[in-house]
């Protein structure tokens with residue numbers, strides 16, 4: 001299988017966030033607890049979502065996958081942005097954590113055309 005096909009599959013699975021959260025997904029509630037505990041797994045999860053979506057951005061023109069995180073933004077800042085957004089939006093905790101993290105990045109680091 002080619003790289004584009006594999007990345008498309010990864011992007012589709014990350015974007016399957018409109019479905020109800022099931023036990024195999026990490027939910028916003030899970031992420032909120034990890035953030036409260038300052039769990040190292042939360043940092044890895046947030047950075048993994050960031051890497052997944054930025055990779056997907058390279059292979060699609062979908063505006064909902066865009067965010068414009070400046071190169072000088074640190075990993076710690078990405079983590080804090082995601083945790084703050086999660087903490088401030090408990091109404092989203094039933095959604096997948098990946099969709100919440102990406103919403104946080106999209107809101108915190110908008111592109112000029114957004």
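Just so you know, all these numbers are worked out from the coordinates, no wet-lab data involved. The structure displayed is predicted, hence computed values, not measured ones. Here the Cβ is made from the backbone with ideal geometry for all residues, glycine too, and neighbour counts use every protein chain on show.
Numerical summary
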read-out	value
Modelled FRET efficiency - R0 25 Å, residue 55 with residue 91, Cβ distances, 0.05 increments	0.30
Rel. contact order, % - alpha carbon contacts under 8 angstrom, at least six apart, the range 28-108	46 percent
Neighbour-count order for 93, 102, 34, fewest beta carbons within 10 angstrom listed first	93, 34, 102
Footprinting exposure proxy for 106, 94 (fewest neighbouring C-beta atoms within 10 Å first)	94, 106
Difference of contour (0.36 nm per residue) and Cα-Cα distance, residue 40 to residue 84	14.3 nm
Exposure proxy order (Cβ contacts within 10 Å, fewest to most) of 85, 25	25, 85
